[in-house]
Amino acid sequence: STQSTWDTTQHAMKFCQECNNMLYPKEDKQSKILLYACRNCDHQEEADDNRVYRNEVHRLAESSRITELLDVKDDPTLPRTKNSDCPKCRNKKAIIITQTNRADDKMVITLVCTSCNERFANSVLGRDS
């Protein structure tokens with residue numbers, strides 16, 4: 001059997017011994033050491049390791065933000081229309097997915113065909129419209 005080289009003790013989140021909130025990395029510039037400090041109370045502790053990890057989350061472009069849902073046509077909770085015209089198969093029934101673009105406060109409406117799952121009619125409606 002193969003052993004994992006991932007050591008969870010070195011990479012686990014650290015929590016405050018006083019109030020159980022998460023500890024965040026903090027530099028002690030005078031001593032030139034890495035500390036973990038609580039943002040809720042004054043608790044600090046010296047880091048076991050001088051490595052700091054950062055989790056970066058990158059946002060996708062607004063046009064590709066809707067997650068691909070393969071079984072969207074089987075979800076009875078989603079709103080539907082019988083007046084669409086799928087450009088791929090000409091089916092009239094579609095699921096309506098709406099999102100608000102935070103940057104310009106506009107609503108994006110995407111239709112998903114109930115027959116072929118094609119996404120279409122990406123309409124943009126402003127709140128002032």
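The values are calculated or read from the model by the stated rules, or taken from the named source; none is laboratory data. These numbers come from a predicted model, not from an experiment. Don't worry about glycine lacking a Cβ; one is built from the backbone with ideal geometry, like all the others, and counts go over all protein chains shown. Note: accessible area is taken over every heavy atom of the protein model, side chains too, but ligands, DNA and RNA are not part of it. Shrake-Rupley method; radii C 1.70, N 1.55, O 1.52, S 1.80 Å.
One residue stands out in region 113-129 among those that are modelled with pLDDT of 85 or more and open to solvent by 50 Å² or more (accessible area, probe 1.4 Å): the one that is nearest to the chain's Cα centre (by Cα), namely Arg119.
Is there a residue being in a loop (DSSP other than H, G, I, E, B), at negative phi and at pLDDT 70 or above anywhere in region 62-69?
Narrowing region 62-69 to residues in a loop (DSSP other than H, G, I, E, B): 65-69.
Okay, now just the ones that are also at negative phi, so 65-69.
Filter again for at pLDDT 70 or above, leaving none.
There is no residue in region 62-69 that is in a loop (DSSP other than H, G, I, E, B), at negative phi and at pLDDT 70 or above.
Here the condition is being modelled with pLDDT under 80, part of a loop (DSSP other than H, G, I, E, B) and open to solvent by 100 Å² or more (accessible area, probe 1.4 Å); of Arg90, Arg54, it holds for Arg54 alone.
Residues being small (Gly, Ala, Ser), assigned to a strand (DSSP E or B), at pLDDT below 90 and in contact with an Asp or Glu (Cβ under 8 Å, 6 or more places away or on another chain) are entirely absent from region 99-112.
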